[in-house]
Amino acid sequence: MKLEELIEHLDYKDLANFKNVEITGISYNSKTTKKGDIFICLPGEYADGHDFAQSAVDNGAAALLVEKILDIKIPQVMVSSTRHKMADIADRFYSSPSKGINLIGITGTNGKTSVTHLIQKIMEENGQKCALIGTLGYKLSSNGEYRDAKHTTPQAPELQATLRMIKDVEKIDNVVMEVSSHSLEQNRVGGCRFNGAVLTNLTQDHLDYHITMENYFEAKALLFRHLEEGSFAVINVDDAYGERFLSVVPEDVRKITYGVKKSADIMAKDVEFSLNGATFTLVTPEGEKKVNLHMNGMFSVYNVLASVAAAMSMGIHLDVAVRALESVKGVAGRFEVVVKKPLVIVDYAHTPDGLENVLNSAREITPKDGRLICLFGCGGDRDATKRPKMGAIAERIADRIVITSDNPRSEDPQTIITDIIAGLKSVDSDKVTVEPDRGKAIQLLKTIAANNDVVVIAGKGHEDYQILKDRTIHFDDREEARKVFEGSVI
């Protein structure tokens, strides 16, 4: 594509050394820049891409997207924000792939991964191919293998390239995608035309980045504000921010609500939990239907309601949706039972709300003569204000807690643990155990948990690594738990 065509609709401020060169790719890392790329100079927290422009040129960059004109003799396009305009460049370069795709975006603090998987399963049950993009990577079918992704929502060039590949190479016309608040704030999904958007919930997370809940809400709201005529918005009305999300949805967009407590279009009543899963009566405009899930917890009920609402919005019959949902065994690292005696559950819960939900769900299936034990930590270099809150939640709901490390990153694990302990009313050794080494902490469960107890190992879920200060190591909560309780593995 010629540079002139690439920037034809771009709101740029200035041009320098302009020449209508051929652009054959997009890069924002000078080390991986190839001949013919347009190199995008991204200002970052620790480094400024403008400082690496010459290196990119040395590697073959044919043009630069900049926020200031540089003393480099190749074509430069100056814009107010390279981070935001990168999406426009990527959308244009890959010929707007989302225009030819039924693209559904899922956003919220918790539940995004599960809902994307459930919608993919429903669409396949309906005889439609559906790709998925999210935390675990992207995959082209529910039975397919994940391909690596570095972010919940990839950077714009990778995202647009992936959508183009899904459409043209794989011949798939439906994509369900997790959309993070960071990607909305940074315009990584700029240029994407969403046919539908789903809100799971909004609770505290990522305040190290967004600073306030108001900023966090506004970032999430961007997905709904930009929906176009004929699309749909699925909103959880039980969520504290539900009404506010409804208020930002444009008038010509269909609104579908779901909930358990408040009146909604899609509801669940007579909800019951057992070791086998959750059962409830699904209430919809098309009638009521009994649902028997293999998944457990009230959060799973909400995820199912969101998925049913999205499916019905796309014209999928209720019977098809329920049949698909009843066949789902669960999502990796989401309330995943890995050991039978004691019952050990591994979950990704890493926010106050997420931890509260999973512990309340585990409490529902804890025998009367058993205890609920929770092992968790908090991530380093992330929102520290949620640490004492998670400590207080664990202390309130669980009978015994083990505080350990999550992904400490550059922080001292003991400092993180101290922040968690600040939320406890007491540090009684009969109730609280502290072991910074996560592997050793899981081993301690062998001496703490009896056969009729329920153990929740929270925070890492599907992750098979642990990020330490100086290295990343292989570490999987599920593997560690199975090793400790070897004789009782499922």
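Filtering the range 400-443 to residues that are in contact (Cβ under 8 Å) with a residue 24 or more places away in the chain, of a type in the set (Val, Ile, Thr), surrounded by fewer than 21 Cβ atoms within 10 Å (Cβ to Cβ) and farther than 20 Å from Phe485 by Cα leaves Ile421, Val432, Val434. For the range 35-58, the set of residues classified as assigned to a loop (DSSP other than H, G, I, E, B) and either without any contact (Cβ under 8 Å) to a residue 12 or more places away in the chain or surrounded by 14 or more Cβ atoms within 10 Å (Cβ to Cβ) (or both) consists of Gly36, Cys41, Leu42, Gly44, Glu45, Tyr46, Ala47, listed by residue number. Of the residues in the range 468-481, not one is surrounded by fewer than 13 Cβ atoms within 10 Å (Cβ to Cβ), assigned by TED's automatic domain parsing to the domain that holds Ile401 and closer than 17 Å to Leu372 by Cβ. Output the number of the condition that Ile403 fails; it satisfies all remaining conditions of (1) under 30 Å from Lys129 (Cα atoms); (2) more than 22 Å from the chain's Cα centre (by Cα). Among (1) under 30 Å from Lys129 (Cα atoms); (2) more than 22 Å from the chain's Cα centre (by Cα), Ile403 violates only (1).
With the range 243-322 as the region, which strands (runs of 3 or more DSSP E) entirely inside it contain at least 2 residues that are among the basic types (Lys, Arg)? Steps first, please.
Values: elements: 254-259, 266-274, 277-284, 287-292.
Result: 254-259, 287-292.
Selection of first residues in the range 272-291 that are within 30 Å of Val338 (Cβ to Cβ) and of a type in the set (D, E, K, R) and of second residues that are in a strand (DSSP E or B) and modelled with pLDDT under 95, restricted to Cβ pairs under 9 Å at least 6 apart or on distinct chains, gives the following pairs, ordered by first then second residue: Glu272/Ala278. For Val21, the conditions (1) in contact with a helix residue (DSSP H, G or I) (Cβ under 9 Å, 6 or more places away or on another chain); (2) of a type in the set (A, V, I, L, M, F, W, C); (3) within 17 Å of Pro157 (Cα to Cα); (4) at pLDDT 95 or above are fulfilled apart from (3).
Return the residue satisfying two criteria in turn: it lies in the range 62-79 and is in contact with a Pro (Cβ under 9 Å, 6 or more places away or on another chain) and under 16 Å from Thr33 (Cβ atoms), and of such residues it is surrounded by the fewest Cβ atoms within 10 Å (Cβ to Cβ). Only one residue fits best here, namely Ala62.
Residues that are at pLDDT 90 or above and more than 24 Å from Phe299 (Cβ to Cβ): does the range 196-218 have at least one? Among the residues of the range 196-218, not one is at pLDDT 90 or above and more than 24 Å from Phe299 (Cβ to Cβ), which makes the answer no.
Among the residues of the range 80-101, which ones are more than 21 Å from Glu170 (Cα to Cα) and either touching a residue at least 60 places away in the same chain (Cβ under 8 Å) or outside any helix (DSSP H, G or I) (or both)? Talk me through it step by step, then tell me what you get.
Here is the first cut: in the range 80-101, the residues more than 21 Å from Glu170 (Cα to Cα) are 80-89.
Within the range 80-101, Ser80, Ser81, Arg83, His84, Lys85, Met86, Ala87, Asp88, Ile89 meet the criteria.
Identify, please: which residue in the range 444-460 is surrounded by fewer than 23 Cβ atoms within 10 Å (Cβ to Cβ) and in contact with a strand residue (DSSP E or B) (Cβ under 7 Å, 6 or more places away or on another chain) and is, among those, farthest from Arg400 (Cα to Cα)?
Going residue by residue through the range 444-460, those that are surrounded by fewer than 23 Cβ atoms within 10 Å (Cβ to Cβ) are 444, 446-448, 450-453.
If we keep only those that are in contact with a strand residue (DSSP E or B) (Cβ under 7 Å, 6 or more places away or on another chain) too, we end up with 444, 448, 453.
On the way: Leu444: 12, Ile448: 9, Asp453: 10 Å.
Looking at residues that are surrounded by fewer than 23 Cβ atoms within 10 Å (Cβ to Cβ) and in contact with a strand residue (DSSP E or B) (Cβ under 7 Å, 6 or more places away or on another chain), I get Leu444.
Say whether the condition of being more than 28 Å from Val283 (Cβ to Cβ), of a type in the set (A, V, I, L, M) and touching a residue at least 24 places away in the same chain (Cβ under 8 Å) is met by at least one residue in the range 230-252. No; the residues of the range 230-252 include none that is more than 28 Å from Val283 (Cβ to Cβ), of a type in the set (A, V, I, L, M) and touching a residue at least 24 places away in the same chain (Cβ under 8 Å).
The values are calculated or read from the model by the stated rules, or taken from the named source; none is laboratory data. Since we're looking at a predicted model, the values are computed, not measured. All Cβ positions, even for glycine, are placed from backbone atoms using ideal geometry, and neighbour counts span all protein chains on display.
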